[in-house]
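The values are calculated or read from the model by the stated rules, or taken from the named source; none is laboratory data. These numbers were taken from a predicted model, which means no experiment stands behind them. Reconstructed Cβ throughout: ideal geometry from the backbone, glycine too, with neighbour counts over all protein chains shown.
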Amino acid sequence: MRLKTLLCGAAAGVALMATSAAGAQSIELWTTETQSDRIATIQLLVDTFMALNPSVTVEVVAVDENDVPTQIAAAAAAGTLPNLINAGSELMVAFGEEGILDQAAATEMVDRVGRDRFFAGALNMHRNPETGEFYALPFHGWIQGIWYRGDWFDEAGLEPPNTWENIRAAAEYFHDPAENQYGILIGNMADSFAEQVFTQFAISNGGRQFDADGNLVFNSEEIREALEFYVDLAEYAPPGPQTWRARDYYIQGRMAMFFYSTFIMDDLALAEIAASSLTAENFAELAGGSFDPELVEHTRMVPIISNAQDAGYGVVVSMGIVDSDDQAETEAAQQLLSFLYEPDSYITWLHMAPGGMNPVLRDIAANDDYMADPRGIFARYGTDSIQEIIAGLEAIQTFSLVDGQLFPASGEIFARQIIPQMIFRATWEDVPVDEAVAWAEAQMLGVIGE
Amino acid sequence: MKPQTVLERAENRFGWQLVAPSLGVIGLLILYPILYNVYLSFFDVQLVGDNVFVGLENYQRLLTDSAFYDSLTTTAIYLLGTVAGTTLLGLGAALLLNQDFPGRNVVRGLILLPYFAPVISVVFGWQFIFDPVNGVYNYMVVEVFNLTDERMNVIRDPDLGVIVVIVFDIWKHFPIAYLLILSKLQSINTDLYEAAAIDGHGPWGRFWHVTLPELYFVLGTIVILRFIWNLNKFEEVFLLAPNVQTLPIFTYYTAFTGVIDQGLAASVSVIQFVLLCGLIWFYVKKVLKW
């Protein structure tokens, strides 16, 4: 009796496994797009893909960008890694170095999409210097800049915030905490935003993590000066440790400048749409609330900061294929990627955040369908400024790129959030700048030495 | 020892068979993780590749790390503040609501609300209250009462954050202390109060000589429960003020952020576990006298 039951169970189990192998291949995609409207769009694309490819089931999981290293570490330890990761290129390089990504599969995909179609700069940020393979595929990108109240600057007769002196002078001028008005938002919580903003200042002062020979040169006069300046600049920011969410103070008219990516174009234009309904006419209790309906027109952006040299910063967001023993899973992941790089699906993805998600494929950047976003945001900012942003993507500088050469260890350093912790210590824990930078370099050495 | 009969042996065996599933579950879900954690604390844990045995090095590094002592201090402040706060506020509320007044039942129910409210929604509410630019806290302190002319980011400040976390915990958890104390208060025999009154004790004397001794074990239980809960508390502190590094938060940052060091994090957990066991043993022996 018992044996019979056991046999029946085993037979049923084998049958079930056979059907699942022949039927559906199930894969998981992790993305750092956590906003619900974006997840809805990604889900729509994935649903379309599944309708076209009934043999593949895709599950989409949203992970906050600051939690990605943690979650990947935990998943690697538990053996529950996803099949595709959609995150910033620095993280992707780090995961590649940790042996998590299938670089051969990614390289094959680059060729399948068309190596010549990619912008060279974006592709180079993913090239493994030792093997020439790609850690992952560039997918889209944004650039960072200082967004500021052009009307206030004009009125005050101030220069645009494009140099250290101009930034400090404007921050000081507009900072009036007694009136609940602030000069500038920079990141100084221990998170990625802090690192992104600081990196632009550091590079504009000639600071580097690595020299051209690959030696760690972080503990330098250039970096110390940049951190010193950065800590001082925090004096003109809204109180306490701050991160990108404080951009709301700008929208409320309480702040003159803030660092942000081109993702804000979408937010500002949408805020404008929202503002037309959020009026005292419709909501009596909003009578005291101030919202500048012309905020989009009054907002200007400086993408390059100068001190010892010019520095533009940005991030390319990539698609990485996780190394899997199961060839069928890898193929399914590649199938999904092929679909996502097709013009229709690719443009649908980019239109989730016009201005924030810029194409890394040449032909898409020039595509009319791409320029005609459904909410008319490109029309509002003008074709030229969009093309300027896309061109800016080719010129971005990060710690991992030195003279066009990629230093993968820099990605590892980024993933460990060493620079954000250094900024937090120097700004809020009264650690002297010299000590904070020396501490950071010691931590970086530890990462490289592993 | 008397030789067992066949029947007794069979009964013994049957007994073990009955508890075996529970033992298995406890072993798997409680003992195994604890032992594995102790085991990990002796290793340099690699996320990819093999762990390297390092003996007591993790403990040595920890005991010379000033961040660990800062975290211990923060934990001590947090524990003292929250345990004393919830117990005293719970006691006060219970004594008040043990008096008869109109609408008492409604108040008794309402007072439990903070305890039932979901942590995440309450945390967002509190964060908004303390927002430095738009929050009502700074508005009251700076603009209404002019107590200071500087707006502060109380919740994210690494030094001040712990105060907000303590106040939040007291607010959220005093109802459970109140509930336990009130149920005991209601069962105190009124004869005792009459006898105390006949002995010439006023309200204070009756509280001191009747109420408090009667509540001794309830208060003791509350203190130890709050203590255990809060030494291990993660979500409230982390969600409300991620810069306040009590031991569990410190462990999390060590294990999962920066230079991910899960061996070191395991040794923090072991120390926390030993600390907790030691304190509970002392407390049970000396205070609860079990």
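Things to note:
- Any hit, segment A:348-357, residues being of a type in the set (Phe, Trp, Tyr), within 20 Å of A:GLY96 (Cβ to Cβ) and touching a residue at least 12 places away in the same chain (Cβ under 8 Å): no
- Scope segment A:299-342; condition among the hydrophobic types (A, V, I, L, M, F, W, C), more than 20 Å from A:ASP403 (Cβ to Cβ) and touching an Asp or Glu at 6+ places or on another chain (Cβ under 7 Å); matching residues: A:ILE321, A:VAL322
- Residue count for segment A:45-70, restricted to those that are surrounded by fewer than 17 Cβ atoms within 10 Å (Cβ to Cβ), within 14 Å of chain B (Cβ to nearest Cβ) and part of a helix (DSSP H, G or I): 1
Let's see how each residue does on (1) basic (Lys, Arg); (2) surrounded by 21 or more Cβ atoms within 10 Å (Cβ to Cβ); (3) modelled with pLDDT of 95 or more; (4) not assigned by TED's automatic domain parsing to the domain that holds A:LEU84:
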site: A:MET319; (1), (2), (3), (4): no, yes, yes, no
site: A:ASP326; (1), (2), (3), (4): no, no, no, no
site: A:ALA333; (1), (2), (3), (4): no, yes, yes, no
site: A:LEU336; (1), (2), (3), (4): no, yes, yes, no
site: A:PHE339; (1), (2), (3), (4): no, no, yes, no
site: A:PRO354; (1), (2), (3), (4): no, yes, no, no
site: A:PRO359; (1), (2), (3), (4): no, yes, no, no
site: A:ASP363; (1), (2), (3), (4): no, no, no, no
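- Screening A:GLY214, A:GLY207 for residues that are part of a loop (DSSP other than H, G, I, E, B), crowded, with 24+ Cβ neighbours inside 10 Å and away from chain B (no Cβ under 14 Å) leaves exactly one candidate, A:GLY207.
- When the residues of segment B:155-175 are filtered to those that are acidic (Asp, Glu) and farther than 27 Å from B:ILE111 by Cβ, the one that is surrounded by the fewest Cβ atoms within 10 Å (Cβ to Cβ) is B:ASP159.
- Screening the candidates B:ARG9, B:ARG61 for the property of being in contact (Cβ under 8 Å) with a residue 40 or more places away in the chain, part of a helix (DSSP H, G or I) and either on the phi > 0 side of the Ramachandran plot or over 23 Å from the mean Cα position of the chain (by Cα) (or both) yields one hit, B:ARG61.
- Considering residues of segment B:140-154 that are more than 9 Å from every other protein chain (Cβ to nearest Cβ) and under 15 Å from A:PRO239 (Cα atoms) only, the residue surrounded by the most Cβ atoms within 10 Å (Cβ to Cβ): B:VAL141
- Of all residues in segment B:108-139, those satisfying the criterion of being within 14 Å of chain A (Cβ to nearest Cβ) and of a type in the set (Ser, Thr, Tyr) are B:TYR137, B:TYR139.
- Residues within segment A:161-193 that are more than 12 Å from chain B (Cβ to nearest Cβ) and not in a helix (DSSP H, G or I), tallied: 8
- Of all residues in segment A:105-123, those that are at pLDDT 95 or above have Cβ atoms under 8 Å from Cβ atoms of residues that are hydroxyl-bearing (Ser, Thr, Tyr), 6 or more apart or on another chain, in A:ALA105/A:THR330; A:ALA106/A:TYR135; A:MET109/A:SER338; A:ARG112/A:SER338; A:VAL113/A:SER338; A:VAL113/A:TYR341.
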